[in-house]
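Beneath this line is the structure, given in structure tokens, with notes to follow.
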Amino acid sequence: MQQDLIRIRDLSVRFYTYEGVVHAIDDLDLDIRQGETLGIVGETGSGKTMTALAILRLIPYPGKIESGSIVFFDRDGGGELDLLKLSEDKMRSIRGNKISMVFQEPGAALNPVYTIGDQISEVYLLHRRQELGHRAKQRVDSLLSDGSGFASALRRPFWRWQSRLYDKIAQDSHSVEPRFLSHVPLFRRLLRRLRDEAKLLTVDMLKNVEIPDPARVAAQYPHQISGGMKQRAVIAMALACSPELLIADEPTTSLDVTIQAQMLELFRRIKADRGASVVFVTHNLGVASEVCDRLTVMYAGRLCEVASVEDMFLHPSHPYTKALLDAVPIPGKELQTIPGALADALNPPPGCRFHPRCPSAMPMCQRERPKLKEIGKDHMVACYLF
């Protein structure tokens, strides 16, 4: 069995509003395994996006993570880290580096006053400064070895000083000297080489996500490119530091069918090439079946069922999962709907939150909350029918 990369236990998220307390996530237990693509599906308002944001500790105000733990098993030697107990500085070093997120609306995730290249380069400058220093040192060292003539002889002491500076950055990206020099006008151009190296890496990353003419796109602003290009740019930004976990929050919702197919193929290639784990948040079961290894079904902030994609589609067990699958439009078949409305997050029903809409509800469903129970190999369901 694959090892866990993220282990979530008893996670609860509340929003404190003037109307009352919103129960966004309630005692959630979830495992994300190394190298897998985990799909999170459910209706709008079921807590899918809040689960993704909680992993990165980006719950918006007035939301608050009330309880629980989110343990990250860092494969690069960082050990077990409870993300909810880390300092904000440590958490910033993980966001975009170890764990990245592709947000739901790419247009809103990009800053309209900066070019695409500048926004992706910022990720390299923040998290991969040591690599940039190493690359800059190699270029300066090549000047030292290849330079000849009187002009080169005059520049050689300056090149040596540059080489030592970049070597210091390569050894310690948080050294005081480069930060100090960046504020001195005479030496600003020395550190400009780091930005040039970041731009080169940015163009390579845009090429990796199959953007045609990446150098031109890097110089453009978000309003100058299409929705599909924006989505690829956001994915490039998320992949810049080769994260161990990539969270994709409905990345194909605003795209047409042709671009959706391209995005799904891109995610499959990312997983195959980089070996990263992916959390794919979607309400589209067809999309989930294309890219995911396991599926998690959520309803009103709680887990209903967890199983492999094949098992979920062939042997759905929870009444809500069955209702979701029946609601998928099929040509020639009458459209099925789920009666009632999503549970009120301000005043959630007691017991199983799906029981007011469930055709198989029993008296005990109204009194006690069912716990996740294993009903088959790697198949868990929270229902009193099992």
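Just so you know, all these numbers are worked out from the coordinates, no wet-lab data involved. No experiment lies behind these values; they were computed from the predicted model shown. So basically every Cβ, Gly included, is an ideal-geometry build from the backbone, and we count neighbours across all protein chains shown.
Quick notes on this structure:
- The GluC sites (Glu not before Pro) found in the stretch 277-386 that occupy coil by DSSP, while having at most 16 further C-beta atoms within 10 Å, are Glu334, Glu368.
- When you restrict to C-alpha pairs under 8 Å that are six or more residues apart and normalise by the size of the stretch 287-354, the relative contact order lands at 23 percent.
- In sequence order, calculated HN-Hα J values of the stretch 226-238 (Karplus, 6.51, -1.76, 1.60; Hz; x Gly/Pro): 6, x, x, 5, 4, 5, 5, 5, 5, 5, 4, 4, 5
- Amide H contacts for Gln220 (H built 1.01 Å from N in the peptide plane; partners 5 or more residues away or on another chain; cut-off under 5 Å): Ile116, Gly117.
- Counted by Cβ distance under 11 Å from Gly20, the other residues give a net charge of -1, where Lys and Arg count +1 and Asp and Glu count -1.
- Set of lysines near Lys230 by C-alpha distance (under 26 Å), chain-local residues within fewer than 8 positions excluded: Lys48, Lys98, Lys199, Lys207, Lys271
- Other residues whose C-beta falls under 9 angstrom from the C-beta of Gln104 contribute a net charge of -3, scoring Lys and Arg +1 and Asp and Glu -1.
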